[in-house]
Each structure stands twice: as C-alpha cells, then as structure tokens.
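Down below is the structure, laid out as structure tokens.
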Amino acid sequence: MSDTAMTAPGGHDDDGTTRRDFLLFTTLTVGATGAALAVWPLIDTMNPAKDVLALSSTEVDLTPVQEGQAITVVWRGKPVFIRRRTQAEIAAARSVKVSDLPDPQPDTARVKQPAWLILVGVCTHLGCIPLGQKSGDTRGDYGGWFCPCHGSHYDTSGRIRRGPAPANLTVPPYEFLNDNSVRIG
Amino acid sequence: MSKPTWTNPVVRWIDYRLPVFTFANEQLIEYPTPKNLNYWWNFGSLAGIVLVIMIATGIFLAMHYTPHVSLAFASVERIMRDVNYGWLIRYIHMNGASFFFICVYIHLFRGLYYGSYKSPRELLWIIGVLIILTMMATAFMGYVLPWGQMSFWGATVITNLFSAIPVVGQSIVSWLWGGFSVDNPTLNRFFSLHYLLPFIIFALVFLHLWALHAHHSSNPVGIDMKGPQDSIPFHPYYTVKDAFGLGVLMLVLLGFVFFAPNFFGEPDNYIEANPLVTPTHIVPEWYLLPFYAILRAIPNKLLGVIAMFGSILILVLVPWLDTSRVRSARFRPVYRVFFWVFLLDCIVLGYVGANPPEGYFITVGQLATFWYFFHFVIVLPLVGWLERPRPLPDSISASVMAGKGKEAGHA
C-alpha cells in the first residue's frame, strides 16, 4: 500500500493495478454490502410476525372426548386431529409389520399415551384435509383417514398405507399437562 | 458521441433487437453534462432515489396494513410492534415522505434561482409542478391511512375544501367521502389511490427526465453548452457525485429514523381517530404548512381555497412571468435579492401555518400571502424588464477556467 500511496492518482502500481481500481472495488464492495443489508429488513417483514408466533401453542381440554371419538382443533391455522383410540384400533396399529409400511414408523413412536393419537390433519400429498374425523366420514381401507383429493389411505396411527402421499401424517410437538389436557406447540 | 460496438455477443444480440445498452450508454454513461454543476444539482437524483425508497417500503407496509376504520389503527401498531423490522420500514416511510419534500423543495428553489425553467425547459418545469401536486395528494392520503386523530381531522378539513365550490360543492364532497362524513369508504379509496399515485409520479418522473435529456441540464451560469469543452460524461463524474450526495442524505434521513423518528410527526396521530372529538389544534404535515397559511389568510372560504391551489398552480406560469433573458441569478443582482426575500416569505408562511390563526399571526400571514403572489405577478415581470444583468461569460468552459474570481460575487 505504501507503494501505491506514492504513485500519482490513477498511476500504475508494480502489478498493473491503480489506486483508482482499489477505490472502485472498495466502494463497490461497501455499496453492495450496504444494499444487501438494507434489503434484509424488507424481506424479513414477510416472515411470521411476533403476534403470529405467539399463537403457536394451543391448550386443549380432553375431558369430553369419549373412547372412539375424535375432535379437531386449530393450531397455527391448521387442523389438528385428536382421536381417543379404542383398544382394537391400538392393536390394529401395533400389529402391522413396520418394514412393510411406505414410511416405516412404529406406532409407539407416534404417541405419548397409547389412547391419544394427535396428528396435524393435513395430507402430506398436497395439503388437503383427510376425512375420518366425523362419525359419518369414510375412514379409508385401514380405519384411519382417507384423503378425498387424491385417494390416500391412512391407518389408525395416521400412517400412509396406500395412495400418492409420501409420508405419514405429521405428529405435532405436544405435551400432556395432566390426564385431561394437552398443550399443542 | 460515437455508437459503441459491443464485444459481448449476448449484449450485441440483444442490442440489435432492443437497443437498451446503446440507450443506457447514451443517456446514463456518455450523456454530456455541463462540467460546472454544483451540489444544488444533486437534489433531482436524490428525490428520484427517495421515490424508489418510498415505493419499496410502501409495498412492504401494504402487506401488513388493513384499510378498515376499525382495524387500520391497530394494524399500524401491529406493524410497529409485531412485524419483523416493521418499525424500521414504517419510520423510513414516514421520514422518507418528509425528505422527499425536502429534496423536491430544494430542487424547486434551485430551479427558481438558476432560471432552470426558461426556454427550452418550460415543459420540463411544468411536469415538475405536476409531480409536486401529485406528491402532495399522495402524501395527504398516506397520512390518513394510520387513522389517527390528525389523519381523520386532516382528511375532514382537506376534503371540506371542495365544499367551497359554488352549487355543486356539497355533492362533490360527499362523492369524495362516499358517504356523509369521512368514513370507511373514504379510507378504502384513499388507500387505493395512495398505492396508485406513486406510480403516476414515477411516470411523470420519466417524462421529466425525457424532457431533461432533450436539452440536457441547465447549469449555474445558465448558458448553453457550446461544445465538448463545456461538458463531461455523466459517468463516472456525476454518478460519483450523486452517490456521494446520496450517502450524505442517507446519514441525515437515517439519523432521524433512528434517533428522532417522530420529529416531523404529530403526537395526536397516535390517538385513534374519533369522529366526535376534534383535536384543539389541527395542523397538516410541515411540507403543506405554507399553503395552509395561504388558505387561512383569506377570510372568504372560496377565495381562500382558490388562493391555496393558485399558489401552486402559479408556478406553471413562471417561465412566462419571468421576462429576463438571463437564466442564472448569479448575473441578476436585483432578482437575486428578491429570490432570497421570496424564500424567506415561504418560510414565514410555513411558520404562520404551524401556529393558531390568532393575534399578529393573522396579519403576518396575510402580508406573507400578499408578497407570495406579488413576487410572481409583479416582481418577476418587472425585474426582468428593468434589471440590468451583469455580463455573461463567453462559455461554461471560460467561466470555469477563469477560476474563483468569477465566483466571488456569488453568495
């Protein structure tokens, strides 16, 4: 640099670069960095806002749900299926050979208490809501849920068994606050 | 200016079919610009950049804003508290409006001082006046959107101006409102127009630049470029100068954004609009104060409204009201004095507009209003006829080469 400082403005240094080149590149670098930093706040405004993030947990009272019944609650704007499974449904979910499943996962890994199955009620194919929550709904060939959009069948553990969906219904993060209530999120 | 030959084959392919590269080279790079432009010539490009900043921040604000009377105020507060960087984007937008007017007003007074409006730049000037008018409408409607007390009552007062029109006034006002008072339909249409008008401004800026590039920039000595010795290419000389000016402007603008974001605002606008209670002292934003003072100076409602709009529209006639053949005030010793008096007069009007119409403010406001119009209608033509301008230099180049001696008489 001391050599460069000695040369006249625009004069060539030993390696052919000029002081003007140096100024140009530093100016452009600082300018480009500044522009990138200025653009980030604009982009970040489109991320979920604090009030949206604050709605990210939902507490549910499980007292009214009888065995064999299901309820749907809203968490982050999406339906969450809570089904109180019968002994037969639990047995059906656990008797399947895990390695035969399209998305292998044992039922024990998908529940915290065997009776309570809690799932995000959004088909993993293209985001429709599967049928099977209401008493009159078809539950598909495996007794769980059936997605009417493109015909995906889910079993009593919410696992994909047949159809175009690539993965099991997602288990949301949740914890039991006590025997009768659960916090989702 | 020779037509460049492009070496890059992709550039050459595109340029043959759509000569954007040739155009950019002619209009932004080689574009001959007077070599004596001073820093007052920075404010046009600065205003343009602030316009882009306003549109960019505005688009992101609109993603979070709700134009409904019961939700608007809360949605703005949500932007301030919950949206990521919402406070920053809104404060830039708020203070950016003020700085847009600062840049444009300096740009306007630059034009008045150096006679930039004179032939062949009359249309360029008139388009500029239209830009200011559109900016005022845009700023006013934007100020209504947060639905605070000043928003609501400012909207009520300004829309009621149109009730001064004889016979159809009241019908026009309820047409503007979409009802019988400023209410939800008013807010909805103001939001729609506030989003539209900046793009109209953008189109007007394009025409403004087109007209500018037809005859190139004027300059501090106000004589035309006579050859290559009088000009330098726009790039890198003025791109660098404009970039430097932008850096300074950003320091000041962001200084306000980060350290005094509500300096230009009114505290009353952080109270949600209440159609049943008028704030004790209604004032518009600072950039409208001189015109507000003119409105209040005249005791007759209709004449007051006419004077207020006339005070802006009279600028359109300035190229013809100024009868002097010399452009720059640098060579017009009498006009130069009147220029500074006029600038002071506008500042006095702004000061009067910010204060309640009582006591001596009324008299001062009326005198200042009188002088405002006197300047345009009487002073400009008369000084043009009677004044004896100082001798002009032979060329831009000669004035530059003569060194500081020529500049000494200039304040």
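The values are calculated or read from the model by the stated rules, or taken from the named source; none is laboratory data. All values reported here derive from a predicted model rather than from experimental measurement. Because the Cβ atoms are built from the backbone with ideal geometry, glycine has one as well, and the counts that use them run over all protein chains shown. Note: areas computed on protein heavy atoms with side chains; ligands, DNA, RNA excluded. Shrake-Rupley method; radii C 1.70, N 1.55, O 1.52, S 1.80 Å.
With the largest listed first and rounded to whole Å, the semi-axes of the equivalent ellipsoid of the range A:25-70 from the Cα gyration tensor are 51, 9, 6. The residues of the range B:80-103 occluded by other protein chains by 50 Å² or more of accessible area, set against the chain on its own, are B:Asp82, B:Asn84, B:Tyr85; surface from heavy atoms, 1.4 Å probe.
For the range A:38-128, the Kirkwood hydrodynamic radius from C-alpha pairs, put into Stokes-Einstein at 20 °C and a viscosity of 1.002 mPa s, yields a diffusion coefficient of 134 µm² per second.
B:Phe374 exposes around 60 Å² of accessible area when a 1.4 Å probe is run over every protein chain in place.
Accessible area of B:Ser192 (1.4 Å probe, protein heavy atoms only, ligands and nucleic acids ignored): about 70 Å². By the Stokes-Einstein formula, at 0.692 mPa s and 37 °C, chain A with its Kirkwood radius over alpha-carbon pairs has D equal to 161 µm²/s. Per residue, the range A:33-179 exposes 52 Å² of solvent-accessible protein surface, assessed with a 1.4 angstrom probe and all protein chains in place. Note on surface exposure: B:Glu285, B:Glu26, B:Glu358 rank B:Glu358, B:Glu26, B:Glu285 by accessible area, highest first, 1.4 Å probe.
Rounding to the nearest 20 debye, state how big the charge dipole of the range A:1-140 is about its Cα centre with +1 on each Lys and Arg Cβ and -1 on each Asp and Glu Cβ. Using only the charged Cβ atoms, the result is roughly 1020 debye. The three principal axes of the Cα atoms in the protein assembly as shown give end-to-end lengths of 108, 76, 47 Å, sorted in falling order. Just the protein heavy atoms count here, and of the accessible area of the protein assembly as shown at 1.4 Å, carbon and sulfur take up 68 percent.
When the surface is traced with a 1.4 Å probe over the full set of protein chains, B:Tyr39 keeps roughly 120 Å² accessible.
Once the Cα atoms of helix A:19-44 and of chain A are each reduced to a long axis, what angle between those two axes, in degrees from 0 to 90 to the nearest 10, is obtained? Helix A:19-44 sits roughly 20 degrees off the main axis of chain A. Which entries in the list A:Lys50/A:Lys112; A:Lys97/A:Lys134; B:Lys35/B:Lys241; A:Lys112/A:Lys134 go over 20 Å, if you measure between the two C-alpha atoms of each? Going by Cα-Cα distance, A:Lys50/A:Lys112; A:Lys97/A:Lys134; A:Lys112/A:Lys134 fall outside the 20 Å limit. The average projected area of the range A:117-173, computed from the convex hull of its Cα atoms over all directions, is 3.4 nm². Once every Cα of the range B:1-148 carries one equal point scatterer and solvent is ignored, give the base-10 log of I(q)/I(0) from the Debye formula at q = 0.15 Å⁻¹, two decimals. The Cα Debye sum returns log10 ratios of -0.92. Separation of the range A:107-133 and the range B:43-74, taken as the distance between their Cα centroids, equals 43 angstrom. Accessible surface computed residue by residue for the range B:237-334, with neighbouring protein chains in place and a 1.4 Å probe, gives 51 Å² per residue.
Applying a length cut-off of 15 Å (Cα extent along the axis) and a mean Kyte-Doolittle floor of 0.5 to the DSSP H helices of chain B leaves B:43-62, B:86-114, B:122-144, B:184-215, B:234-259, B:301-313, B:333-354, B:360-374. Spatial offset of the range B:98-147 relative to the range A:51-103 amounts to 62 Å, using the alpha carbon center of each.
Counting Cα-Cα pairs of the range B:71-190 in 10 Å increments starting at 0 gives whole-percent bin shares of 12, 31, 28, 22, 7, 0.
What's the long-distance tail for the range B:147-238, i.e. % of Cα pairs beyond 22 Å? Pairs farther apart than 22 Å: 56 percent.
Measuring nothing but alpha carbons in chain B and taking Rh as the Kirkwood radius, the Rg to Rh ratio lands at 1.00. Given a Förster radius of 22 Å and the C-beta distance between B:Phe258 and B:Ile106 as r, what FRET efficiency does 1/(1 + (r/R0)^6) yield to the nearest 0.05? Once rounded, the FRET efficiency stands at 0.45. Both radii were evaluated on the Cα set of the range B:297-359; the Rg over Rh quotient, with Rh as the Kirkwood radius, amounts to 1.07.
Cysteines in the protein assembly as shown that lack a partner Cβ within the 4.7 Å cut-off: B:Cys103, B:Cys346. What is the log10 of I(q)/I(0) for the range A:52-100, computed with the Debye formula using one identical point scatterer on each Cα and no solvent, at q = 0.24, 0.28 Å⁻¹? Summing over Cα pairs of the range A:52-100 leads to -0.89, -1.01. Once divided by 2.2 N^0.38 Å, the Cα radius of gyration of the range B:296-411 becomes 1.33. Along each principal axis, taking the top coordinate minus the bottom one, the Cα set of the range B:208-348 gives 67, 41, 29 Å in descending order.
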